[in-house]
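Since every read-out is calculated from the coordinates, none of them should be taken as a lab result. Just so we're clear, the structure is a prediction, and the values are computed from it rather than from any experiment. Virtual Cβ from ideal backbone geometry, glycine too; neighbours counted across all protein chains shown.
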Amino acid sequence: MVIKIVRSHLGRRLDEEDLAQEVFMKVFAKLHDYRGDAPFEHWVARLSRNTCLNQLRGEKARPEWRFADLSEDHLAVIEALPGPADAAHPLDATISNEVVEMLMDGLAPQDRMILQLLELEDLSVDEISRRTGWSRTLIRVRAFRARGQVRKRFSALHEKKAIL
């Protein structure tokens with residue numbers, strides 16, 4: 001039952017056995033909390049679901065990408081990026097956009113929107129402030145932090161490391 005719940009929440013992931021093991025550890029660690037009001041299976045199922053949901057929340061907050069997760073087109077874009085001594089290479093716009101989308105996926109929705117408006121739609125901070133009602137300072141700070149997150153993910157991806 002635990003494996004079935006883990007698989008239904010995580011889909012095709014390699015760490016389902018680890019997560020099931022974590023559920024079993026929690027069951028044994030919290031066995032003294034079981035009151036007996038409901039069937040034991042229901043209690044274990046609730047514990048399993050909560051563990052899976054916590055895992056998904058953690059993955060969303062700290063997404064991890066590996067070089068192996070990228071398609072051949074994405075790899076070609078990353079490898080074609082200019083290094084410090086290289087000249088710029090023309091890149092396929094649609095594949096480049098997909099890579100940008102992947103890099104921005106882990107951002108908070110507000111940060112993502114600010115970067116899209118500032119960088120992709122070339123709106124000024126004043127225009128974004130008028131549209132959103134946010135202060136100019138808030139927009140600049142959020143944009144600065146979001147750029148830093150994207151830059152960190154890009155550096156890790158470009159260096160063929162896991163992106164955290």
| request: Give, as a single signed number, the net charge of other residues whose beta carbon lies under 13 Å from the beta carbon of residue 142, with Lys and Arg counted +1 and Asp and Glu -1. | output: +3
| query | Which translational diffusion coefficient, to the nearest whole µm²/s, is obtained for region 103-155 from the Stokes-Einstein equation, given a Kirkwood hydrodynamic radius over C-alpha pairs, 4 °C and 1.567 mPa s? | reply | 118
| request: Add +1 for every Lys or Arg and -1 for every Asp or Glu among the other residues with Cβ under 12 Å from the Cβ of residue 1, and state the total. | output: +3
